[in-house]
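The values are calculated or read from the model by the stated rules, or taken from the named source; none is laboratory data. It should be emphasised that the depicted structure is a prediction, and the values quoted were computed from it without experimental measurement. Glycine also receives a Cβ, built like all others from the backbone with ideal geometry; neighbour counts cover every protein chain displayed. Side chains included, ligands, DNA and RNA excluded: accessible areas come from the protein's heavy atoms. Shrake-Rupley method; radii C 1.70, N 1.55, O 1.52, S 1.80 Å.
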Amino acid sequence: MQRSYDVVIIGGGVMGNSAAYWLAAHPGFTGSILIVERDPSYKNATTALSLGSIRQQFSTPENIRMSRFGVEFFRALKTRFGAEADIGFRERGYLLLASETGEETLAANHEVQKAEGADIVLMDRAALADHFRWLKTSDLRLGAFGRSGEGWFDAHSLLALLRGAARRKGAHYIHGEVTGIALERARVSGVTLADGRRIGCGALVNAAGPQAGDVAALADVGLPVEPRKRCVFVVACRTALPGMPLMVDPTGVWVRPEGEVYICGVSPPEDTDTRASDFEVDHALFDDVVWPALAHRVPAMEALKVQRAWAGHYDYNTLDQNAVIGPHPGIGNFLFANGFSGHGLQQSPATGRAVAELIVHGKFTSLDLTLFGYERVMSGRPVKELNII
């Protein structure tokens with residue numbers, strides 16, 4: 001081995017940097033940390049291409065708790081990182097809409113959210129029409145609106161804060177791609193990079209985003225995480241839409257303001273949503289699905305002009321579209337922070353803290369995230385989260 005570190009983290013996106021930050025800041029950790037990132041330009045990184053949004057409208061208490069901690073973390077950035085710390089957090093809310101078929105589920109989810117202390121209000125058709133005058137409500141039954149604790153932020157600014165803080169606390173970074181994981185007596189002993197460098201480690205954290213499944217396979221471990229493509233369209237609307245939150249239509253189409261324009265998109269049909277290797281934008285998805293849905297729900301958006309578009313990759317958990325957090329049961333020093341399927345950025349503060357606790361204490365000491373452990377992958381027991389967007 002050329003060099004050894006107490007903890008090696010594969011993946012230098014927001015998840016890997018959050019783990020590095022929390023670990024380096026933990027008073028019980030005095031070891032060395034290395035982050036290995038294959039693309040330091042972050043050109044195609046999930047973090048860089050993300051929408052950067054946060055919500056508490058989940059149906060699983062643990063997901064709500066993780067995002068609630070994310071909100072607390074964002075609100076305290078200046079205390080934690082200094083007066084200049086800013087990620088442009090806009091608490092404009094989410095608005096999830098339901099027709100008759102989704103009414104019961106939305107109401108049931110709202111009960112869970114209320115029990116967790118989330119500031120979500122349930123609105124009937126009349127309340128929706130009164131509060132959002134630009135919204136077509138004739139075919140709606142309910143809406144759930146986040147009055148606080150939901151919104152969007154600049155993902156790259158969050159990454160820069162975490163990375164800078166981790167560096168200042170002593171974390172090391174190298175450019176490289178992990179191509180091998182060495183195991184000795186049911187423990188990870190080190191990794192090999194594509195250029196032949198070999199690095200020893202006391203613990204290995206898989207924070208490789210969409211490539212997490214491929215990384216796990218290097219240790220002969222099955223992890224149901226793969227890249228799935230999502231397209232984002234930037235559009236201009238001539239008519240002002242005052243107070244627009246991040247709105248999710250019953251069709252699954254979503255839209256939110258971004259400065260003077262709007263960004264929007266939708267998950268592709270299930271039969272075409274397969275492992276992705278390219279970043280080509282599917283313009284037909286906008287023409288055939290997104291635009292018609294927006295024109296129906298927000299009549300002013302019938303006259304939209306697409307200004308640009310991009311595609312990025314989700315770290316998609318094919319088992320249940322929820323995170324996998326914690327150690328492998330048979331390889332105790334191989335930890336996962338993977339599979340968030342679109343809600344990783346908002347849950348990165350809670351996940352980084354959880355990984356640090358597992359390394360230092362061998363258990364969760366803040367939020368109990370046992371629900372998201374790898375054991376459910378081994379037994380094929382999906383976590384049922386009803387609010388996947």
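The residues of the range 267-308 expose on average 63 square angstrom of accessible surface per residue, using a 1.4 Å probe on protein heavy atoms. Each peptide in 339-350, 161-172 was scored by the mean count of other Cβ atoms within 10 Å over its residues; highest first, the order is 339-350, 161-172. Quick one: if the Förster radius is 35 Å, what FRET efficiency do Ala25 and Val281 give, using the C-beta to C-beta distance and rounding to 0.05? Efficiency at R0 = 35 Å is approximately 0.35. What separates the Cα centres of the range 176-229 and the range 20-93 is a distance of 23 Å.
For Leu142, the amide hydrogen comes within under 5 Å of the amide hydrogens of Ala98, counting only partners 5 or more places away or on other chains and with H modelled in the peptide plane. What label, among [x] 21.0, 67; [y] 22.5, 70; [z] 27.9, 93, belongs to Rg and Dmax of the Cα atoms in Å computed from the structure on display? This structure yields the entry labelled [x].
Considering Cα pairs under 8 angstrom that are at least six residues apart, work out the relative contact order of the range 217-335 and quote it in whole percent.
Rounded, it is 36 percent for the range 217-335.
Between Thr251 and Asp154, the FRET efficiency estimated from the beta carbon spacing at R0 = 30 angstrom works out to 0.60. Helical runs assigned H by DSSP (4 residues or longer) give the chain a calculated mean residue ellipticity at 222 nm of -8000 deg cm²/dmol, each run adding -39500 (n - 2.57) before division by the residue total. When the listed pairs Lys136/Lys229; Lys136/Lys305; Lys363/Lys384; Lys169/Lys229; Lys114/Lys169 are checked against a 28 Å cut-off, the alpha-carbon distance exceeds it for Lys136/Lys229; Lys169/Lys229; Lys114/Lys169. Hey, what angle do you get for helix 61-75 against the long axis of the chain, alpha-carbon based, 0 to 90 degrees rounded to 10? Its long axis makes an angle of about 90 degrees.
Between Ala115 and Ala217, the C-beta separation translates, for a Förster distance of 35 Å, into a calculated FRET efficiency of about 0.35. Helix 344-361 and the long axis of the chain differ in direction by around 30°, with both axes built from C-alpha atoms. Put simply, when 223-229, 367-373 are sorted by average Cβ atoms within 10 angstrom per residue, most first, you get 223-229, 367-373. On full extension, the segment bounded by Arg168 and Trp134 gains 7.5 nm, given 0.36 nm per residue less the C-alpha separation. Per residue, the accessible area of the range 43-140 comes to 47 Å², computed with a 1.4 Å probe over protein heavy atoms only. Heavy atoms only, probe 1.4 Å: what % of the accessible area of the chain goes to carbon and sulfur, would you let me know? Answer for the chain is 48 percent, counting heavy atoms of protein chains only.
Karplus-derived 3J(HN,Hα) values for the range 129-142, using 6.51 cos²θ - 1.76 cosθ + 1.60 with θ = phi - 60°, are 5, 6, 7, 10, 5, 8, 9, 7, 10, 4, 10, 9, 10, 8 Hz; glycine and proline are entered as x. Computed from the alpha carbon atoms alone, the convex hull of the range 85-189 holds 242 Å³ per residue. Spin-label pair Thr370-Ala83: with each label point 7 Å from Cα along the Cα-Cβ axis, the two points sit 4.6 nm from one another. Subtracting the Cα-Cα distance of Thr274 and Ala127 from 0.36 nm times their residue separation leaves 49.0 nm of extension gain. The tail of the calculated P(r) for the range 125-258, taken as Cα-Cα distances beyond 17 Å, holds 75 percent of the pairs.
Coupling constants for the range 144-151 follow from the phi torsions by the Karplus curve (6.51 cos²θ - 1.76 cosθ + 1.60, θ = phi - 60°), and in residue order they are 10, 10, x, 6, 7, x, 9, x Hz; glycine and proline get x.
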